[in-house]
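Student: My structure is below; once you've seen it, I'll send some questions.
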Amino acid sequence: MSQLQKKENVRNMFAGISKRYDFLNHLLSLQKDKKWRRYAVSKLPSGYIIDVCSGTGDVAIEASKKNRVIASDFCFEMLKLCKPKLEKKNLKNVSCIQNDAENLSFKDGTFDGAIVAFGIRNVADIKKALSEMNRVVRIGGRVVILEFSLPENKVFRYMYYLYFKKILPLVGTVISEKNGPYDYLPASVMAFPKRNEFVGIMKDAGISHVEYFDLTFGIVTVYVGDRIDKIKV
Ligand SMILES: C[S@@+](CC[C@H](N)C(=O)[O-])C[C@H]1O[C@@H](n2cnc3c(N)ncnc32)[C@H](O)[C@@H]1O
């Protein structure tokens, strides 16, 4: 499958589940997703932040408590669900912009920090998206990635796989009334680079001082790195 085709498939898939996305997110993560996002946001510097692959905007909303935020996603159907949430909370410091993570329409060094939550796994070219996040933050700025991981403890991993590969796809499919997306979720997590491999991709993308933090027995990992150099052309 070409990268263009993967992008189109991913965009259509999220457009298809957009209306049930938030509900299923909270349900299937047993409400842990809020805590994970809050932790990832706590790793950002204060200032002007871009939330890449922002979907319905939960990270942007969390980050807006202390920052001015751009919420960006290439799926219009996901992004448009962010707007009513902003209005309900009367948040004026978040703007939503339709943008491709692999080709952000912002100048170098625009932001103090860039964050992506549960999005990097879905982009067609991971290194390109990470390079873009690094490019749009200022020198000294920060890049934060929150993504699913595979737990390292064998016993816990066995129980987790049972839930993640069997129960979650069933519940997700029934509630979203869509075949596919909730099979794609565990499959894409299994295929995602392991922690150290992902750290290597971040470094190849030009991000420095990379470290990571596992949360909830290693179900998710928060990767943090800094932009310290001018982008080489
Ligand atoms: C699993 S959702 C995550 C949404 C949100 N960040 C959250 O924490 O719930 C993944 C999002 O990534 C977006 N996405 C995937 N590839 C993208 C790309 N190349 N450019 C922009 N958005 C992309 C999808 O449209 C989707 O909204």
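Student: Output the number of residues of the range 172-195 satisfying the condition of being modelled with pLDDT of 85 or more and basic (Lys, Arg).
Tutor: Matching residues across the range 172-195 total 2.
Student: Just a yes or no: is a residue in the range 17-38 surrounded by 22 or more Cβ atoms within 10 Å (Cβ to Cβ) and part of a loop (DSSP other than H, G, I, E, B)?
Tutor: no
Student: Something else now. Tally time: how many residues in the range 75-101 are charged (D, E, K, R), under 24 Å from Gly47 (Cβ atoms) and under 17 Å from the mean Cα position of the chain (by Cα)?
Tutor: Of the residues in the range 75-101, 1 are charged (D, E, K, R), under 24 Å from Gly47 (Cβ atoms) and under 17 Å from the mean Cα position of the chain (by Cα).
Student: Can you work out which of the residues in the range 39-66 that are in contact with a helix residue (DSSP H, G or I) (Cβ under 9 Å, 6 or more places away or on another chain), in a loop (DSSP other than H, G, I, E, B) and not charged (D, E, K, R) is surrounded by the fewest Cβ atoms within 10 Å (Cβ to Cβ)?
Tutor: Top of the filtered list is Ser64.
Student: To continue, here is another question. Return the residues of the range 70-102 that are of a type in the set (Lys, Arg) and surrounded by 14 or more Cβ atoms within 10 Å (Cβ to Cβ); say none if nothing qualifies.
Tutor: Lys80, Lys83, Lys85
Student: Before we move on, is Val69 more than 10 Å from the ligand (Cβ to nearest atom) and farther than 21 Å from Glu177 by Cα?
Tutor: yes
Student: Do any residues in the range 69-82 that are closer than 7 Å to Thr56 by Cα have Cβ atoms under 6 Å from those of residues that are aliphatic (A, V, I, L, M) and crowded, with 22+ Cβ neighbours inside 10 Å, where the two are at least six apart or on different chains, and which pairs are they?
Tutor: Close Cβ pairs satisfying both conditions: Cys82/Ala71.
Student: Suppose we filter the range 83-120 for residues that are free of Cβ contacts under 8 Å to residues at least 12 places away in the same chain and more than 13 Å from the ligand (Cβ to nearest atom); how many remain?
Tutor: Of the residues in the range 83-120, 5 are free of Cβ contacts under 8 Å to residues at least 12 places away in the same chain and more than 13 Å from the ligand (Cβ to nearest atom).
Student: Determine if the range 80-101 includes at least one residue that is assigned to a helix (DSSP H, G or I) and small (Gly, Ala, Ser).
Tutor: The answer is no, given that none of the residues of the range 80-101 is assigned to a helix (DSSP H, G or I) and small (Gly, Ala, Ser).
The values are calculated or read from the model by the stated rules, or taken from the named source; none is laboratory data. None of these values were measured; they are calculated from a predicted model. FYI the Cβ positions are ideal-geometry reconstructions off the backbone, even for glycines, and counts take in every protein chain you see.
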